[in-house]
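What follows is a single structure, written as C-alpha cells, with notes after it.
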C-alpha cells in the first residue's frame, strides 16, 4: 500500500485549517479537490488517512470531494487532443507517438466549505 | 451559517516553501544539487560511488543519504570519498524538511556538489520537491520497458534520465524503442544518459555533464 498519501493527507489538513482560520475559523464541512491522473495520488488512500488525521480537529467529519482530471495529451503531428487509455500514448487520431502532456498533473485543494456560527464569527 | 472559501493551492505547498529555502541555501554557497530517485536496486548508490572518484579531483562532494533502516549507503559513499550524512527517512520518500536537516549537518561552504539519494521508490518521491537544482531518475533495464507507463508521474517530473545496467540489454527483455516512446510522451527531450555502473560504459558522459552543470551553477 502506498504510504505517501499519509503525509499528503496531513498536508491537506494543515492547508485546509490554515485557510479556515484565515477566514475566521469554524468547522470545515467539505473539501473540494482536483486530482490529476499523473499526480500519483490515490483517492481512496487519502480518504482512508483523512478519517484518522482529522480526529479532534475542526475538519473532523469533513467530506472529501475528488474531481478526477484525466490525462490529456496533444499530438505534435496532427494537433489532436486526446485522453490516452492505459499504456497507449499514441495519438488516437493519427497514431503518431510524437505527443505531449497538456493536463492531468494537478493535485490541488480548490475550496473548502465552512460552517460558522455567530460566536465563531466574533472570535474571528 | 455556511460559506465557501476559495483556496486553489497545491496540497504540498508547505513542503514546497521549505524546498525553496533549501534551494536558496544551495545557491548562496554556489552548490550544484541533485535529487537522485529510482526503484530499489536500480543503482543509485552505485552511480554515486562510481561518479565520486571521477569528480573528486575538481569538486568537493557531499551526499545526503535517505535510508529507512541502515547506514549502508552512507558508508559506501563516504568510503568512496564524499562527505556523507545519513538522514532518518522514516518514510517512503524524502521531503524538503528532511533535506533541510541534512544540510544542517554539512559544512556548506566547503562543498561544490550535493547529491541527495532519495528512498528507493518510483511513486512517493515524485510528489515531494526537495529544492535541488535538478531531479534525476535512474531506470535500470532489468526493471522492464513498461515503467514510464506504470509510473508516469515519476517519468514526467524529472530533468535527467539515467538508463543503468545497459550491459544487461542482451540478456533481459527490454524494448528500448517502446521505453523511449513512453519517456518522450511524458517528458519530451529529457536529457538521457545510457550507462553501466558495472562496466563503466557511458559513465564519462554523465560525469562530464555533472561537471558542466556544477561550473555553470558556480558562475551564475
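The values are calculated or read from the model by the stated rules, or taken from the named source; none is laboratory data. Source: prediction; values computed, not measured. All Cβ positions, glycine included, derive from the backbone under ideal geometry; neighbour counts span all protein chains shown.
Checked against the criterion of being more than 24 Å from residue B:10 (Cα to Cα) and at pLDDT 95 or above, the stretch B:117-126 contains one or more residues that satisfy it. Among the residues of the stretch A:1-20, the one identified as without any contact (Cβ under 8 Å) to a residue 24 or more places away in the chain, assigned to a helix (DSSP H, G or I) and more than 16 Å from the chain's Cα centre (by Cα) is A:18.
Only a single item in (1) within 11 Å of chain B (Cβ to nearest Cβ); (2) in contact with a helix residue (DSSP H, G or I) (Cβ under 9 Å, 6 or more places away or on another chain); (3) under 15 Å from residue B:7 (Cβ atoms); (4) touching a residue at least 12 places away in the same chain (Cβ under 8 Å) is not met by residue A:59, and it is number (1). Scan the stretch A:62-116 for residues that are more than 12 Å from chain B (Cβ to nearest Cβ), part of a strand (DSSP E or B) and over 19 Å from the mean Cα position of the chain (by Cα) and the total you get is 1. Scanning the stretch B:169-180 for residues that are crowded, with 16+ Cβ neighbours inside 10 Å and either in contact (Cβ under 8 Å) with a residue 24 or more places away in the chain or within 16 Å of residue B:44 (Cα to Cα) (or both) returns B:174, B:178, B:179. Residue-level check: of (1) under 21 Å from residue A:4 (Cβ atoms); (2) modelled with pLDDT of 95 or more; (3) not in a helix (DSSP H, G or I), residue B:106 misses just (1).
The number of residues in the stretch B:124-168 that are in a helix (DSSP H, G or I), away from every other protein chain (no Cβ under 12 Å) and surrounded by fewer than 18 Cβ atoms within 10 Å (Cβ to Cβ) comes to 3.
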